[in-house]
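K.L.:
After the structure tokens below, expect a handful of questions from me.
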Amino acid sequence: MIGYKKLLDAVVGVSRPSDQDAGDEARRLQGDQATSKEAPSRRYALAERVAKVGGLAVIVGVVYQAFHLRRSGKDRASEGEAGLSASTAPGVEAREQGLIPPETSRFHPVSATEDDALLFLRAMVAAVTADGRVDERERALMVKGLIEAGIDPQASRWLEDELASPADVEELADAVNDPEKAAQVYAAARIAIEPDTIQEREFLHRLAEALDLDPIIRSQIDDMIGALQ
């Protein structure tokens, strides 16, 4: 039997860089002094978080924070204060405190099932293949991550098959029946890519629409994951 939770952790973590990769990236960015100092650390923040808590925990944790911030914004608006935005105090406070879902919350990683992990994996693969191809670097990173994580051959074959025939947005949305799961599916897709092509951005837009995702929740997810990449 395939352990989808373990596979999810491995796939989310495949972009974890080596020390050599970090040095190469810093040298590549030397043309812009400020960027060369800041970009590498931001780029590797997500990999470091995954290494500490696991890919599933990062996905559900980001969504937990997004819903927390959404509720905080509504509460503040009802009290006559400014509404929620990525730069408001609630957002800064949440990111600094590193909110962790309580064990009784449906957002806690222990509440996620193998079927949830499978759905998140399918969303990630769909995002990675959104531009019509998986280049050799992306495939090599995936394979490397799977090997390092000790993923069994059956799981590796499943991933290869999924890469060859990824789910479309309607198929992913059909497996979702509540706003929280919709946000988690979107977060999984978003965490898999840095949307720097038209095709990837269009895929995320179509996925959000198919999931009927709250635009503010989507914005929060995009901001938090973008800050980690």
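The values are calculated or read from the model by the stated rules, or taken from the named source; none is laboratory data. Worth saying up front: this structure is predicted, and the values here are computed from it rather than measured. Don't worry about glycine lacking a Cβ; one is built from the backbone with ideal geometry, like all the others, and counts go over all protein chains shown. Side chains included, ligands, DNA and RNA excluded: accessible areas come from the protein's heavy atoms. Shrake-Rupley method; radii C 1.70, N 1.55, O 1.52, S 1.80 Å.
K.L.:
Can you pull out the residues in the stretch 145-169 that are among the β-branched types (Val, Ile, Thr) and open to solvent by less than 30 Å² (accessible area, probe 1.4 Å)?
P.N.:
If the condition is that a residue be among the β-branched types (Val, Ile, Thr) and open to solvent by less than 30 Å² (accessible area, probe 1.4 Å), then Ile151, Val169 are the ones that fit.
K.L.:
Something else: State whether one or more residues within the stretch 80-102 are at pLDDT 70 or above, among the small types (Gly, Ala, Ser) and surrounded by fewer than 22 Cβ atoms within 10 Å (Cβ to Cβ).
P.N.:
The answer is no; no qualifying residue exists.
K.L.:
A further question follows. Being surrounded by 16 or more Cβ atoms within 10 Å (Cβ to Cβ), among the basic types (Lys, Arg) and part of a helix (DSSP H, G or I) narrows it down to one residue among Arg190, Arg206; which is it?
P.N.:
Criteria check complete, one pass: Arg190.
K.L.:
Turning to a different aspect of this structure: Go through the stretch 217-229 and give me each residue that's surrounded by fewer than 21 Cβ atoms within 10 Å (Cβ to Cβ) and either of a type outside the set (A, V, I, L, M) or at pLDDT 95 or above (or both).
P.N.:
Within the stretch 217-229, Ser219, Asp222, Asp223, Gly226, Gln229 meet the criteria.
K.L.:
Take Pro153 and tell me if it is in contact with a Ser or Thr (Cβ under 8 Å, 6 or more places away or on another chain) and within 20 Å of Ala10 (Cα to Cα).
P.N.:
No.
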